[in-house]
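The values are calculated or read from the model by the stated rules, or taken from the named source; none is laboratory data. Just so we're clear, the structure is a prediction, and the values are computed from it rather than from any experiment. Counting neighbours? That spans all protein chains shown, and the Cβs are built from the backbone with ideal geometry, glycine included. Areas reflect the complete protein model, heavy atoms only, side chains present, ligands, DNA and RNA absent. Shrake-Rupley method; radii C 1.70, N 1.55, O 1.52, S 1.80 Å.
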Amino acid sequence: QVRLVESGGGLVQPGGSLRLSCAASGSTFSITVMGWYRQAPGKQRELVATITRDKTSNYADALKGRFTISRDNGKNTVDLQMNSLEPEDTAVYSCNAKGYSRASWGQGTQVTVSS
């Protein structure tokens, strides 16, 4: 099993930045793709970004340029740098890790963008 723990969420002002981190433990050898998703109040969960083991990244079109995903295979971590945050970015951000036949999710971390 893979366990994922997110950290780094909090309250920031519009235009500010946050860096989210996700630490994986357990059967990390099976992880192929990792990513970040978010779910805003009253909205469906949506893709933020994904990154492969070889560090090929993919972003939601609306977020590309503001958000950057990175991965450290040695530390089994994946980070999400979020810049120029807007109130519309307020959501619970969850880390995801895909294995060969399973997917794991973290508990999520709250990001609130408000003045």
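Which one of these does Q81 not meet: (1) touching an Asp or Glu at 6+ places or on another chain (Cβ under 7 Å); (2) under 27 Å from G26 (Cβ atoms)?
So the condition that Q81 fails would be (1).
Which one of these is among the small types (G, A, S) and surrounded by fewer than 18 Cβ atoms within 10 Å (Cβ to Cβ): S104, S84, S94?
Residue meeting the stated conditions: S84.
Any residue that is within 12 Å of the chain's Cα centre (by Cα) and over 17 Å from T109 (Cβ atoms) - is there at least one of those in the stretch 37-51?
yes
What number goes with the only condition from (1) in contact with a Phe, Trp or Tyr (Cβ under 6 Å, 6 or more places away or on another chain); (2) within 28 Å of S115 (Cβ to Cβ) that L18 does not pass?
(1)
Sort out which residues of the stretch 1-24 are small (G, A, S), open to solvent by 30 Å² or more (accessible area, probe 1.4 Å) and within 16 Å of the chain's Cα centre (by Cα), and write them in order of number.
The first filter runs over the stretch 1-24 and keeps only residues small (G, A, S), leaving 7-10, 15-17, 21, 23-24.
The next check asks that each one be open to solvent by 30 Å² or more (accessible area, probe 1.4 Å); those that pass are 7-9, 15, 17, 21, 23.
Correct list: S7, G8, G9, S17, S21, A23.
Enumerate the pairs (first residue in the stretch 103-115 and within 27 Å of S27 (Cβ to Cβ); second residue anywhere and surrounded by fewer than 15 Cβ atoms within 10 Å (Cβ to Cβ) and among the aliphatic types (A, V, I, L, M)) with beta-carbon separation below 8 Å, excluding pairs fewer than 6 apart on the same chain, so at least 6 apart or on different chains.
Matching pairs, first to second residue: G106/V5; Q107/V5.
So, in the stretch 26-65, of the ones that are touching a residue at least 24 places away in the same chain (Cβ under 8 Å), of a type in the set (S, T, Y) and part of a loop (DSSP other than H, G, I, E, B), which residue ends up surrounded by the most Cβ atoms within 10 Å (Cβ to Cβ)?
Per the stated criteria, the residue is S27.
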